[in-house]
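Quick notes on the structure that follows.
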Amino acid sequence: MMDRENLIQQLQAHKAFDEHEHAMCVALIRFVQTYENCAARELLIGHLTGSAWIVDEDLTHTLLTHHRKLNLWVQLGGHVEDDADMLSASWREAREESGLQNLRLLVPQIFDVDIHRIPARKNEPEHFHYDIRFAFQADRHAPLTVSSESRELMWVALDNIKALTTEESILRMVRKTAELRTTKL
């Protein structure tokens with residue numbers, strides 16, 4: 001069972017990058033406060049998901065997946081299962097979707113939050129993913145394993161990311177990573 005109070009405290013402590021992310025964080029807190037089963041896929045209006053923003057040691061590349069169902073390049077992540085918390089859900093998804101086993105947490109707190117619409121499919125109505133993202137580092141030369149949820153995995157230079165996506169949530173994480181790189185130099 002997920003500790004919702006701990007998650008709310010983590011979300012309240014999250015320093016949003018901009019006003020848009022701040023508004024999503026406020027909405028995410030309300031969602032977790034309102035729905036005891038906030039992580040359950042059966043909650044038809046939406047549910048929590050955990051994502052992993054994986055960057056290399058130099059903070060110059062990120063690992064993206066070409067998502068099979070959404071047909072978009074996105075960070076790795078997915079649904080909460082029997083995970084105790086959102087960090088363990090994000091870590092599990094990162095390992096399952098990439099085959100990477102040696103992932104190191106880049107920052108000790110939530111890296112990013114996002115709420116996005118998921119279109120209706122055969123057995124699922126349109127709903128929202130209340131996505132909580134953690135940042136990890138990995139060796140860009142380690143072997144990758146493409147999961148059944150992906151068409152492809154690819155390390156992408158942060159400077160070239162706009163060739164694959166214009167999704168604001170991805171571009172925001174690129175900007176956050178650039179700031180981290182500046183502070184680590």
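The set of residues in the stretch 109-125 that are at pLDDT below 95 and either on the phi > 0 side of the Ramachandran plot or not β-branched (Val, Ile, Thr) (or both) comprises His116, Arg117, Pro119, Ala120, Arg121, Lys122, Asn123, Glu124, Pro125. Note on the stretch 81-118: among residues that are among the β-branched types (Val, Ile, Thr) and more than 12 Å from the chain's Cα centre (by Cα), the one that is surrounded by the fewest Cβ atoms within 10 Å (Cβ to Cβ) is Val107. The C-beta contact set for the stretch 88-101 (first residue of a type outside the set (Asp, Glu), second residue in a helix (DSSP H, G or I), distance under 7 angstrom, 6+ apart or interchain) comprises Leu100/Ala94; Gln101/Arg95.
Considering each residue of the stretch 70-84 in turn, at least one proves to be among the polar types (S, T, N, Q), out of contact with any Asp or Glu (no Cβ under 6 Å at 6 or more places or on another chain) and closer than 18 Å to Val174 by Cα. Listed here are the strands (runs of 3 or more DSSP E) enclosed by the stretch 108-185 that have at least 2 residues being closer than 19 Å to Asp58 by Cα: 127-137, 150-157. Residues in the stretch 155-172 that are loosely packed, with under 15 Cβ neighbours inside 10 Å and more than 21 Å from His20 (Cα to Cα): Ala157, Asp159, Asn160, Ala163. Screening Val80 on (1) at pLDDT below 95; (2) under 19 Å from Ala138 (Cβ atoms) shows it passes everything except condition (2). Among the residues of the stretch 36-46, not a single one is at pLDDT 95 or above, within 16 Å of the chain's Cα centre (by Cα) and under 12 Å from Asp114 (Cα atoms).
The values are calculated or read from the model by the stated rules, or taken from the named source; none is laboratory data. Just so we're clear, the structure is a prediction, and the values are computed from it rather than from any experiment. Neighbour counts are summed over all protein chains in view; Cβ atoms, including those assigned to glycine, are modelled from backbone coordinates with ideal geometry.
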